[in-house]
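Remarks on the structure that follows.
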Amino acid sequence: MISKEETQKIKKVLGSKYSPVIIDRLNKRKITNAKSNPYSPESIQKIVTGKIENSRVELEIAKLVYETVEAKKKTEKEKKRLLK
């Protein structure tokens, strides 16, 4: 289950409109809900806020946050290098 601190980090990294970003990643990885349908924004919001638990989706969200942070670091590093 996602904690309040983790929810804040997700929102900080992915922005306040995080659902479409997460849904896009889940769709690309062919991760669907129990009815084999794509996750809805409401479902993602419930998972992110810790109202429902879904370990598979939570792991994908954690990976997405990590990859986004790393990409931002790489971009900043490259920008600094280019603007020296």
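Structure values in brief
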{"read-out": "Area of S36 that stays accessible when all protein chains are in place (1.4 Å probe, Å², to 10)", "value": "90"}
{"read-out": "Highest-fluctuation residue, K73, K35, K46 considered, GNM on the chain with Cα pairs under 10 Å", "value": "K35"}
{"read-out": "Dipole of the chain [Lys/Arg +1, Asp/Glu -1 at C-beta], most positive-end residue of A34, I44, Q8", "value": "Q8"}
{"read-out": "Within straight-line cross-link reach of K46, lysines at Cα separation under 27 Å, skipping those fewer than 8 residues along the same chain", "value": "K4, K9, K11, K12, K17, K28, K30, K35, K63, K72"}
{"read-out": "Portion, in percent, of the accessible area of the chain that falls on carbon or sulfur, probe 1.4 Å", "value": "54"}
{"read-out": "Those GluC sites (Glu not before Pro) in region 1-53 that DSSP places in a loop and that have at most 15 other beta carbons within 10 Å", "value": "E53"}
{"read-out": "Whole-number D in µm²/s for the chain (Stokes-Einstein; Kirkwood sum over Cα pairs; 20 °C, 1.002 mPa s)", "value": "157"}
{"read-out": "FRET efficiency for N33 and K74, using Cβ-Cβ distance with R0 set to 30 Å, rounded to 0.05", "value": "0.35"}
{"read-out": "Accessible area of the chain divided out per residue, in Å², using a probe of 1.4 angstrom", "value": "76"}
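The values are calculated or read from the model by the stated rules, or taken from the named source; none is laboratory data. Model, not experiment: these values are computed from the prediction. FYI the Cβ positions are ideal-geometry reconstructions off the backbone, even for glycines, and counts take in every protein chain you see. Accessible surface areas use protein heavy atoms only, side chains included; no ligands, DNA or RNA. Shrake-Rupley method; radii C 1.70, N 1.55, O 1.52, S 1.80 Å.
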